[in-house]
1. Can you check what the Kirkwood hydrodynamic radius comes to for the range 1-144, Cα pairs only, in Å to one decimal?
2. Aspartates and glutamates near Lys73 by alpha-carbon distance under 13 Å, same-chain residues fewer than 8 away left out - which ones?
3. In the chain, carbon and sulfur make up what percent of the accessible area (probe 1.4 Å)?
4. Pull up the cross-link candidates among the lysines for Lys39, meaning alpha carbon to alpha carbon under 22 Å and not fewer than 8 places away within one chain.
5. Cα axis of helix 11-23 to longest principal axis of the chain: angle in degrees, 0 to 90, nearest 10?
6. Put a dot 7 Å past each Cα toward the Cβ at Arg15 and Arg93; how far apart are the dots in nm?
7. Against the longest alpha carbon principal axis of the chain, how many degrees, from 0 to 90 and to the nearest 10, is the axis of helix 124-137 turned?
8. Using only the alpha carbon atoms of the range 1-40, find the Kirkwood hydrodynamic radius as the inverse mean reciprocal pair distance, in angstroms to one decimal.
Amino acid sequence: MRTQRQVVDYSLQKRALLRDVRNGKVGTLEVCDASPYLKNAARFHGEPTDERCPICRHDNLTLVHYIYGDELKQSAGQARKLAELPVLAMTLREFQVFVVEVCRSCAWNHLTEQFLLGRDALNADELDRVEAVASASSGRHREAGSSSQRREGRW
Ligand SMILES: [Zn+2]
């Protein structure tokens, strides 16, 4: 995504953890502990991948995108579909995205990366163009956030 910045990659931590699991230092039950909320988020908002689960090798991993930031107000902490993020990035100045990989078979889960999105990354020219696009598509923007959705988004 164009306004993506301050990316933090957690693949080293993930590799180290998987090594500990293979060595028997960490039990699979400790790493396969996705909460019901995370599993629901994977089911309803997840992004399928071609990557096999590193623990059970039974299912492909699903990526869940959680959004955080003051501007999100009651939507903060919710899981969103990947396709919704560019729209939010054009509407909000700045918000944080946490990407969590989940196996829907064995409940393996790990933070893969985090980054910032939002209009703050754009210069004045780009903002003008974005304003035009945003006002054209604002009719499609839906207000989300019942309390049940908020709970579902927790991880
Ligand atoms: Zn698995």
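The values are calculated or read from the model by the stated rules, or taken from the named source; none is laboratory data. Computed from a predicted structure; not experimentally measured. Neighbour counts are summed over all protein chains in view; Cβ atoms, including those assigned to glycine, are modelled from backbone coordinates with ideal geometry. We work out accessible area using only protein heavy atoms, side chains counted, and drop any ligands, DNA or RNA first. Shrake-Rupley method; radii C 1.70, N 1.55, O 1.52, S 1.80 Å.
1. Answer for the range 1-144: a Kirkwood hydrodynamic radius of 16.5 Å.
2. Output for Lys73: Glu94, Glu143.
3. 49 percent
4. Straight-line reach from Lys39, under 22 Å: Lys14, Lys81.
5. 20 degrees
6. 3.8 nm
7. The helix 124-137 is inclined about 90 degrees to the chain.
8. Roughly 12.5 Å, rounded to one decimal.
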